[in-house]
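The values are calculated or read from the model by the stated rules, or taken from the named source; none is laboratory data. No experiment lies behind these values; they were computed from the predicted model shown. Quick reminder, even Gly has a Cβ in these numbers, built from the backbone with ideal geometry, and neighbours come from all protein chains shown.
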Amino acid sequence: MKLPRLTQNQIGLSTITLGNLVSNVIGGLTWLFLASMMQVDSYGEVNFYVSLATMIAFGALFGMDTLLMTFIGKENDRKLVHQAFSFTLIASTAGAAAIAFFNWQAAILCLGLVYFAMSVGEILGSQRYKEYAITVIAERSLRLGLSLLFFTLMGPLGILVGFGVSHIALAFRFHQTLRKVSLDFDALRPKFNFAGYSAGWNVLQNIPLFLDKTVIIGLYGLTTLGLYQIGMQFVSMAGMLPISIYQFMLPRRSAGGVTRTLALVGIALSIGMAGIIILASPAVIDVFFPQFIDAKTAVQIVGIAIIPITVTAIMNAELQAHEKARHVFIGSLIYIGALLAGVVFLGKLFDLAGLAIGFLLANIVQAGFTTAAASLSRTKG
């Protein structure tokens with residue numbers, strides 16, 4: 001018996017969310033285990049190289065993972081898929097070679113991140129949500145074991161090898177295309193503009209993760225950064241919702257599916273999550289993080305941001321489904337500008353609470369822009 005469309009949509013979204021939830025829990029436990037066994041400076045060094053490999057990987061991807069999520073459901077062109085994989089194989093090899101001069105372990109991680117992202121892009125573009133959940137959970141589980149193994153064999157930087165190998169091992173769909181590597185990009189060439197804006201958006205989405213911290217350290221010191229960061233951890237845990245919604249809606253919307261009801265459900269869930277953070281975070285901090293007691297108000301403020309973050313994810317999925325990646329890119333630029341302004345000016349005026357307000361306002365501004373852009377796109381379309 002065929003399930004109603006809404007039920008199928010709910011199952012798909014629930015499957016993605018479950019995969020993200022379980023994989024995030026395993027990933028968090030992995031970092032806790034590793035942190036307990038390392039010196040502070042070694043922990044910082046590993047995180048630096050993870051960040052470096054991640055940024056190079058985003059550049060090598062050049063938005064091709066988003067391209068697969070968008071166009072597989074719309075065109076189902078296997079030639080385009082093979083050419084996208086071939087492009088990222090060449091780009092990631094060049095990027096990894098550049099990193100290898102500084103740290104060969106990070107080069108392995110760079111390759112793994114690209115291979116795995118492309119595999120996941122094809123899986124989501126094909127709307128294989130169960131396969132996605134199994135793949136990301138398996139990768140995080142394998143990462144836990146391999147990172148501990150290579151840490152024991154090679155020391156702290158062996159963690160990078162463990163992370164890289166786990167990504168490479170689970171990139172099944174990438175490996176399957178290696179038999180059809182092509183230097184002919186005729187099907188891909190018309191999509192380069194879309195891919196370029198998507199790549200810019202991906203990079204801009206991750207730059208704030210490092211940029212705001214750098215500014216906060218310079219202006220307010222490490223203690224303020226630590227208090228600010230505990231709030232970001234709460235947002236990060238709740239962040240699986242907008243990520244799941246975006247991953248589910250983009251291929252569905254690109255294929256012409258109707259996602260209005262799911263968007264409303266997503267926004268309702270984000271409001272519920274914000275409420276939970278506001279009500280529960282003070283008690284959680286008192287019991288588990290007493291050293292962060294001064295961050296209670298800031299955590300409650302940044303918790304509200306999960307609502308505009310979810311709205312932005314929904315609108316970004318719609319914009320990219322209509323091949324309006326430029327607006328997504330501009331929205332990210334606006335977010336970065338608003339965030340930095342909030343950190344500098346509101347932080348000076350209201351200290352930690354000002355930083356939290358700045359983060360919230362930056363997300364509201366981005367959500368407002370992407371909503372307006374999506375509305376304009378619907379009007380013209």
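Among all residues of segment 147-155, there is at least one that is modelled with pLDDT of 90 or more, in the same structural domain as MET69 (by TED's automatic domain parsing), under 22 Å from LEU21 (Cβ atoms) and part of a helix (DSSP H, G or I). Determine whether segment 7-28 contains at least one residue that is of a type in the set (S, T, N, Q), at pLDDT 80 or above, closer than 21 Å to VAL114 by Cβ and surrounded by fewer than 20 Cβ atoms within 10 Å (Cβ to Cβ). No, segment 7-28 contains no residue that is of a type in the set (S, T, N, Q), at pLDDT 80 or above, closer than 21 Å to VAL114 by Cβ and surrounded by fewer than 20 Cβ atoms within 10 Å (Cβ to Cβ). Looking at ASP41, is it at pLDDT 80 or above, among the acidic types (Asp, Glu), out of contact with any strand residue (DSSP E or B) (no Cβ under 9 Å at 6 or more places or on another chain) and in the same structural domain as ALA106 (by TED's automatic domain parsing)? So ASP41 fails the test. Taking the conditions (1) buried (at least 22 other Cβ atoms within 10 Å of the Cβ); (2) among the polar types (S, T, N, Q); (3) at pLDDT below 70 in turn, ASN206 satisfies each one other than (1).
Based on what the data block shows, is THR88 over 18 Å from the mean Cα position of the chain (by Cα) and assigned to a helix (DSSP H, G or I)? Spelling it out, THR88 is indeed over 18 Å from the mean Cα position of the chain (by Cα) and assigned to a helix (DSSP H, G or I). Does PHE192 satisfy the condition of being under 19 Å from ASN363 (Cβ atoms) and at pLDDT below 75? Criteria not met by PHE192. Look through GLU323, GLU318 and report the one residue that is of a type outside the set (Val, Ile, Thr), at pLDDT below 85 and at positive phi. Just one listed residue meets the conditions, GLU323. Just to be sure before I move on: is ALA97 surrounded by 22 or more Cβ atoms within 10 Å (Cβ to Cβ), assigned to a helix (DSSP H, G or I) and in the same structural domain as ALA169 (by TED's automatic domain parsing) in the structure I sent? Taking the combined requirement at face value, the residue does not satisfy it. Out of all the residues in segment 293-301, is one or more at pLDDT below 75, among the hydroxyl-bearing types (Ser, Thr, Tyr) and farther than 23 Å from ALA57 by Cα? Scanning segment 293-301 turns up no residue that is at pLDDT below 75, among the hydroxyl-bearing types (Ser, Thr, Tyr) and farther than 23 Å from ALA57 by Cα. Contact map, segment 285-314: first residue under 12 Å from ASN363 (Cβ atoms), second residue surrounded by fewer than 20 Cβ atoms within 10 Å (Cβ to Cβ) and charged (D, E, K, R), Cβ cut-off under 8 Å, separation 6 or more or different chains; the map is empty. If the condition is being in contact (Cβ under 8 Å) with a residue 24 or more places away in the chain and aromatic (Phe, Trp, Tyr), then segment 84-101 contributes PHE85, PHE87. State whether one or more residues within segment 342-356 are assigned by TED's automatic domain parsing to the domain that holds PRO308, of a type outside the set (Val, Ile, Thr), farther than 16 Å from LEU225 by Cα and within 23 Å of the chain's Cα centre (by Cα). Looking for residues that are assigned by TED's automatic domain parsing to the domain that holds PRO308, of a type outside the set (Val, Ile, Thr), farther than 16 Å from LEU225 by Cα and within 23 Å of the chain's Cα centre (by Cα), one finds none in segment 342-356, hence no. Taking first residues from segment 174-199 that are exposed (fewer than 15 other Cβ atoms within 10 Å of the Cβ) and basic (Lys, Arg) and partners that are at pLDDT 75 or above and assigned to a helix (DSSP H, G or I), the Cβ contacts under 6 Å between residues at least 6 apart in sequence or on separate chains come to LYS180/HIS82.
Every condition in (1) polar (S, T, N, Q); (2) modelled with pLDDT of 90 or more; (3) over 21 Å from ILE26 (Cα atoms) is met by GLN127 except one, and the failing one is (2).
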